[in-house]
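Everything on this sheet refers to the single structure shown next.
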Amino acid sequence: MNSPLYRWIRISLINLLIVSILGILMRYKIAFSFPFLQQKFILHAHSHFAFAGWITQVLMALMVAELARQDKGAFTRYRPLLYANLFTAYGMLFSFPAQGYGVVSITFSTLNILTGYWFALKYWRSLDKLTVRHPGRSWFRAALVFNVIGSLGAFSLAYMMATKNLHQNWYLAAVYFFLHFQYNGWFFFACMGLFTGKLSRQRLNIRFMRPVFLLFAIACIPAYFLSALWLPIPVIVYVLVILAAIAQVIGGVMLFRGINKQQALLHSGPRGGNWLMMLAGWAFAIKLLLQLGSTIPELSDLAFGFRPIVIGYLHLVLLGVITLFILGFILSEVKLIRHRAAIKWAVYIFTAGVVLNEMFLMIQGVYGLSYESIPYMDVMLLSAGVVMFLGLLLLCTSLRRDHGNPSADIDSIPTSNP
């Protein structure tokens, strides 16, 4: 039986496979040659489709699945919205390589943002209608709010690109504004809402999650300036940035301590993807420490002055933290995938590619600080991309052969905090 969630997971993973193909094309052009490929245009398609076609698509599906635990008709009501996000994501996938920022691509990008508004409004109301309050409700609502806030950066960027009215500082400020509220807002808080629901269903004490939520929620807006310390910001804003970075580290420590105290109980539950979520947790800890270090002006200037370091950091968050967590959550919590050997090997191969990719990017960034280059680094990065692609290809083909488990539909498990 193919349940709605199972189908959307398969679609989302196919989209991630396409993202990896675009990444390979860009790295092939850098390492060798691809004369008919516009690198910047492919980069726009790669980033927009990764955000909309992979992460947003799968998060929306998983969040609707949380509703479906109490409301069996949730996927039916959200079907038009999920297809709207998919349609606009593919619109960006095909239009950005053809024209970069142009009328068609900006139109699809705008429609995708409006779809996000539609989802935010609808999901907010759906949370209120649940008979039993979802333990991750605060996380989900914050995710929706930050997604809307982040769209302001996208609109600003689209306006500047369409009118050709580009100013370097404002352009970068808009880019980092959008990115920050995507991966530190919408993506992170949605994942934490899913994780809180998982902990609650395993009958774990989740009281520690409340102060963790408050620390990250309060710090999210001022933390944007961690990506904009190169701007001439007032001293008071800089102080708020430091406090925000410290608050997030404290929140991370509280999160890890709260989980560690119940580690035995956590491991007694489904184990299929727990190791992936643990790996994502380590990547998240590294991210928090890097953020704290970036509050030192000298380190911040170095970091944002070298493209490989910026790219390495973005991949650390989007692949190491968000993507590995989502895959781990799917394997451990969504009981729709039989843990066959092929699926396990596919995840192992993809994870190895993620680790190699991050390692090569960071080495490239460190050597770049001293203006040194490493022989064949472009080929090594291309190889890491190929490893990720092979893992995803095996995963997608394995899921295609796996038609789901009739007994593994969404369970009507109460989501209240025990």
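Every read-out reported here was derived from the displayed coordinates using simple, explicitly stated rules and does not represent laboratory data. It should be emphasised that the depicted structure is a prediction, and the values quoted were computed from it without experimental measurement. Virtual Cβ from ideal backbone geometry, glycine too; neighbours counted across all protein chains shown.
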Taking neighbour Cβ counts within 10 Å as the exposure measure, how do S156, S227 sort from fewest upward? S156, S227
Can you give the Rg to Rh ratio for region 125-183, taking only C-alpha atoms and Rh from Kirkwood? 1.23
Over the chain, what is the relative contact order in whole percent, taking alpha-carbon pairs under 8 Å and six or more residues apart? 20 percent
How far is it, in nm, from the label point at Y159 to the one at V235 when both lie 7 Å from their Cα along the line to the Cβ? 3.3 nm
Shape descriptors of the chain over alpha-carbon atoms, Rg and Dmax in angstrom, are 20.7, 60
Along the charge dipole of region 97-190, Cβ charges K/R +1 and D/E -1, which of Y117, G150, T107 sits furthest on the positive end? Y117
Kyte-Doolittle mean at least -1.0 and Cα axial length at least 24 Å: DSSP H helices in the chain: 4-31, 74-99, 103-129, 137-163, 235-260, 274-293, 341-369, 377-401
If you put +1 on each Lys and Arg Cβ and -1 on each Asp and Glu Cβ, how big is the dipole of the chain around its Cα centre, in Debye rounded to 20? 1380 debye
Would you mind ranking V366, V317, V19, V239 by Cβ crowding within 10 Å, fewest neighbours first? V239, V366, V317, V19
Given region 315-381, report the % of alpha carbon pairs whose separation exceeds 19 Å. 46 percent
Given N residues in region 191-266, what is its alpha carbon radius of gyration divided by 2.2 N^0.38 Å? 1.34
